[in-house]
Amino acid sequence: MYFDIEKDGIKKRIDILHGTSEDWEDAMELCWRTFRLCDAKDYPAHGCDSFLNFITDQYLKKMFLLGRYRLYLAKDKGRIVGVLGFRENNHISLLFVDPGYQGYGIGRALISTLTSYLSGETRQQYLPDNEADKILDVLYERNEKPVITVNSAPSAVTFYQTAGFVQTHEQLEKDGIIYIPMEKQL
């Protein structure tokens, strides 16, 4: 799937793809770089360490390789410019867009892709290209919950609200990670 974007008179074609094992390291690097530039200032040092530990955890990577943790990627000419990671079939645990690409609608396109996938619309469109990952997709049990959940960074609450999410709880903190639980009805 792809979509065209335009900002400040510059047009680009952005591909939305199912993340593969070859994409993992670059995707996590984008998340870390974007977190440091956009979010780290709002977190204590141990919160930044907790986030880095999460994205570099070998168990998370193993779950990804087994198809139990999923990624959708936005790419500009093969370069990853957006990442959406989800678990438990309906919980967004990572959503980062390269700062140079923010404001183009990439985050909303990634959420729309996940929403379409979870609601069963155009399911084939979002399957990976290679057979091994297609098999994992068949094995991946889809959660039938009618919501998508996210623990939003304080700086991202407005973005999620404009994408149809509502706050479900006051701000919380765990291991230095500050977040606001939100959900979106499918």
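Derivation of every value follows stated rules applied to the coordinates shown; laboratory data play no part. Not measured: the values here are computed from a predicted model. Using ideal geometry, Cβ is built from the backbone for each residue, glycine included, and neighbour counts are taken over all protein chains shown.
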> Going by a ≥ b ≥ c, the root eigenvalues of the Cα gyration tensor, does segment 1-95 fall in the rounded group (a/c under 1.5), the prolate group (a/b larger than b/c) or the oblate group?
Replying inline: oblate
> Within the set Lys7/Lys77; Lys61/Lys174; Lys62/Lys174; Lys77/Lys184; Lys11/Lys75; Lys7/Lys75, which residue pairs have Cα atoms separated by over 26 Å?
Replying inline: Lys77/Lys184
> What spacing in nm lies between the two simple spin-label points modelled at Asn53 and Arg13, each 7 Å away from Cα in the Cβ direction?
Replying inline: 4.4
>> Could you derive backbone 3J(HN,Hα) for segment 73-88 from the dihedral phi with the Karplus parameters 6.51, -1.76 and 1.60 (θ = phi - 60°), listing whole Hz in sequence and x where the residue is Gly or Pro?
In response: 10, 9, 10, 10, 6, x, 8, 5, 10, x, 9, 10, x, 9, 9, 6
>> Could you order the peptides 167-175, 152-160, 43-51 from most to least packed, using the average number of other C-beta atoms within 10 Å per residue?
In response: 152-160, 43-51, 167-175
> Where in segment 142-186 is the amide nitrogen less than 11 Å from a point lying 7 Å along the Cα-to-Cβ axis of His46?
Replying inline: 174-177
> Mean Kyte-Doolittle of at least -0.5 and a Cα length of 15 Å or more along the axis: which whole DSSP H helices of the chain meet both?
Replying inline: 24-38, 45-56, 106-118
> Any idea what Rg and Dmax come out to for segment 1-50 if you just take the C-alpha atoms, in Å?
Replying inline: 15.2, 41
> Stretch Asp175-Phe3 to full length: gain in nm at 0.36 nm per residue minus the Cα-Cα span?
Replying inline: 58.2 nm
>> Which of rounded, prolate or oblate describes segment 44-85 when judged by the alpha-carbon gyration tensor and an a/c cut-off of 1.5?
In response: oblate
>> Could you check the spin-label model distance between Thr158 and Ser93? Points 7 Å from the Cα along Cα→Cβ, value in nm.
In response: 2.9
> Got the relative contact order for the chain handy, in percent, Cα pairs under 8 Å and 6 or more residues apart?
Replying inline: 22
> Add -39500 (n - 2.57) for each DSSP H run of 4 or more in the chain, then divide by its residues: what number comes out at 222 nm, to the nearest 500 deg cm²/dmol?
Replying inline: -10000 deg cm²/dmol
